[in-house]
């Protein structure tokens, strides 16, 4: 599978996961919208997303990366890198 295919699949999966937790349509989530400031995400929602990502992709997200999960775009970037590095 090519990198671009992986990115598209990761984006689709993460967009769906975030939308489900925020209870909105996936198409309503702007990739650059700040999770907390723009989308109203709270800490419990953030933990749900991280747990969902770890479970879906069978990866462990290092604690020092957690503050970097600020929007969908950055989340896709981090998860894609973790998948390549495993």
task: Calculate, for residue 44 and residue 70, the FRET efficiency according to 1/(1 + (r/R0)^6) with r their C-beta to C-beta distance and R0 22 Å; round to the nearest 0.05.
output: 0.85
statement: Dividing the alpha-carbon radius of gyration of the chain by 2.2 N^0.38 Å, where N counts its residues, gives 1.01
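Taking Cα pairs under 8 Å and at least six residues apart, what relative contact order does the chain come out at, in percent? Mind showing how you got there, number by number?
On the way: 59 pairs, mean separation 30.2, N = 86.
Averaging sequence separation for qualifying contacts and normalising by length gives 35 percent for the chain.
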query: What list do you get for 42, 13 if you sort them by fewest beta carbons within 10 Å?
result: 42, 13
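Arrange the following residues from fewest to most other Cβ atoms within 10 Å of their Cβ: 75, 6, 80.
6, 80, 75
Every number in this text was worked out from the coordinates using simple rules, so none of it is lab data. What you see is a predicted model; the values in this text were computed from it and never measured. All Cβ positions, even for glycine, are placed from backbone atoms using ideal geometry, and neighbour counts span all protein chains on display.
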